Amino acid sequence: MEIHAVRGMHDLFGEEMDRWRTVESRLREIATSFSYQEIRTPVLEKMEVFSHTVGDETDIVEKQMYTVLNEGTEKLVLRPEGTAGFIRSVVEHQLQQTGHPQRFYYYLPMFRHERPQKGRLRQFHQFGAEIINDPSPEADAEIIAVLDQVYRSFGISEYEVRVNSVGCPECRPAYKELLKEYIRPNLDSLCGECQKRFERSPLRILDCKKPNCQGVVQSAPRMVNHLCVNCQGHHSTFLHALSAAHVKFTEDPNIVRGLDYYTRTAFEFTSDLLGAQSALGGGGRYDGISTRFGAKTFPGVGFALGMERLLIALEAKQAIQANPQSPVFYFAPLGEAAYHRLFPLSFALKRRGVPTLMAYEKDKGLKWLMKQADRLNAKYALLLGDDEIKHGKAILKDMKTSEQEMLDLHHLEESLMRKTT
Ligand code: AMP
């Protein structure tokens with residue numbers, strides 16, 4: 001019986017894995033240079049973590065969550081996004097109690113039951129960053145600058161940063177009513193989904209990608225023109241800070257983000273390099289989210305980017321090379337005696353941090369051994385046979401130049417170590 005991986009969930013290996021590792025280490029470097037600390041939360045969370053925060057009526061909660069029954073009764077969910085579990089963890093460990101701004105990043109697999117296609121998977125990976133306890137608009141600008149830095153650092157410039165404000169619980173209700181009044185005469189032209197969204201989540205009609213719905217809201221009133229005084233102040237300082245941080249952006253009144261928990265700043269990064277799934281990443285401010293975990297409010301702002309989509313963009317630009325792991329030394333023993341000499345030495349070198357591989361099969365000839373050294377892209381091959389042992393020598397072959405030199409068998413470890421400096 002053939003058994004395959006679950007649809008929409010991929011194995012990573014070979015050159016692709018090499019590229020991932022390179023990108024992952026760059027992401028960690030960027031997070032560290034912006035002073036963010038890593039946090040890891042469990043893959044499984046209680047259902048309420050998402051239904052109370054992301055929102056009962058969002059696609060994620062309504063249709064896309066993988067649920068697991070714990071002891072037959074309690075519903076657990078495979079994490080579909082990062083922020084809700086992050087806030088659950090902050091509140092549980094009272095990390096917000098210091099009252100000081102704190103910066104975190106995460107790099108975690110996410111699970112959503114969506115129809116798989118290029119750039120859309122059922123298990124995918126997000127790298128995200130969050131700042132808690134800082135209500136300043138400059139924190140919003142910083143978060144966007146971190147995301148911007150990711151693409152910049154890889155030399156990608158073909159993307160747009162779209163920003164908007166979705167207001168706060170003070171000004172949003174009146175705007176929602178205004179928007180509904182505007183849409184109501186054309187309610188019948190909306191897609192089925194948007195008709196359902198009309199009563200409770202009319203803002204989400206603004207970011208529906210269907211042409212009819214886009215037509216209906218094209219000239220709709222804009223949230224940014226109906227913000228309360230505080231949100232207005234926040235938004236204009238945010239826009240200035242973003243310019244001062246040298247991030248190029250456009251204001252887009254239709255960026256509302258799918259999730260319920262956003263307040264004020266909302267943003268998305270999109271790119272034509274991706275094809276149909278153009279969203280590279282996005283995020284926003286979520287000041288009220290903590291009350292949904294029974295905690296006092298504290299401010300928060302963050303982003304999440306999709307790793308798979310970042311890799312698609314990098315491949316489209318050919319901006320990253322696979323960086324295969326090759327051994328420095330490949331030990332090629334010819335005969336029993338050579339094998340017994342080289343086996344312990346290979347471990348001595350590995351323990352000193354020098355990648356060293358050795359052929360364990362004892363019936364292979366020189367030709368086969370050299371082919372292996374070549375295939376593994378080893379820097380040097382070390383050849384040892386009975387003759388060499390008799391003369392107290394070993395042959396070191398530089399695989400690139402094919403030059404050979406004789407090394408003294410009695411000081412072999414130190415001679416090989418000198419080759420690595
Ligand atoms: P979201 O939380 O839906 O805004 O997702 C943030 C980012 O994660 C998106 O901009 C995408 O880059 C990525 N993403 C979301 N859903 C998927 C998916 N099913 N497969 C791959 N990447 C995804």
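The values are calculated or read from the model by the stated rules, or taken from the named source; none is laboratory data. All of these numbers come straight from a predicted model, not from anything done at the bench. Because the Cβ atoms are built from the backbone with ideal geometry, glycine has one as well, and the counts that use them run over all protein chains shown. These accessible areas exclude ligands, DNA and RNA; they are computed on the full protein's heavy atoms, side chains included. Shrake-Rupley method; radii C 1.70, N 1.55, O 1.52, S 1.80 Å.
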Any chance residue 32 is out of contact with any Lys or Arg (no Cβ under 7 Å at 6 or more places or on another chain), away from the ligand (no atom under 14 Å from the Cβ), closer than 26 Å to residue 119 by Cβ and at pLDDT 95 or above: no
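Taking the condition of being of a type in the set (Asp, Glu) and more than 16 Å from the ligand (Cβ to nearest atom), how many residues in region 79-99 meet it?
The qualifying residues number 1.
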Qualifying residue in region 264-271 (condition: open to solvent by 10 Å² or more (accessible area, probe 1.4 Å), over 30 Å from residue 92 (Cα atoms) and either in contact (Cβ under 8 Å) with a residue 40 or more places away in the chain or within 15 Å of the ligand (Cβ to nearest atom) (or both)): yes
Residue selected from region 254-263 under the condition open to solvent by less than 30 Å² (accessible area, probe 1.4 Å) and of a type outside the set (A, V, I, L, M), by the criterion farthest from residue 232 (Cα to Cα): 258
Selection status of residue 49, away from the ligand (no atom under 13 Å from the Cβ), of a type in the set (A, V, I, L, M, F, W, C), outside the structural domain of residue 132 (by TED's automatic domain parsing) and farther than 24 Å from residue 138 by Cα: no
Scope region 333-364; condition assigned to a loop (DSSP other than H, G, I, E, B), open to solvent by less than 70 Å² (accessible area, probe 1.4 Å) and free of Cβ contacts under 8 Å to residues at least 24 places away in the same chain; matching residues: 353, 364
Positions within region 111-150 being in a loop (DSSP other than H, G, I, E, B), touching a His at 6+ places or on another chain (Cβ under 9 Å) and either within 10 Å of the ligand (Cβ to nearest atom) or not assigned by TED's automatic domain parsing to the domain that holds residue 310 (or both), in sequence order: 121, 122
Lone unmet requirement of (1) without any contact (Cβ under 8 Å) to a residue 24 or more places away in the chain; (2) within 16 Å of the ligand (Cβ to nearest atom) for residue 63: (1)
Lone qualifier among 49, 68 - being closer than 30 Å to residue 194 by Cα and in a strand (DSSP E or B): 68
Pair list, Cβ under 6 Å, 6 or more apart: region 154-174 residue under 20 Å from residue 312 (Cα atoms) and hydrophobic (A, V, I, L, M, F, W, C), other residue open to solvent by less than 20 Å² (accessible area, probe 1.4 Å) and not in a loop (DSSP other than H, G, I, E, B): 154/314; 156/313; 161/269
Residues of region 211-231 that turn out to be open to solvent by 20 Å² or more (accessible area, probe 1.4 Å) and under 32 Å from the mean Cα position of the chain (by Cα), as a count: 4
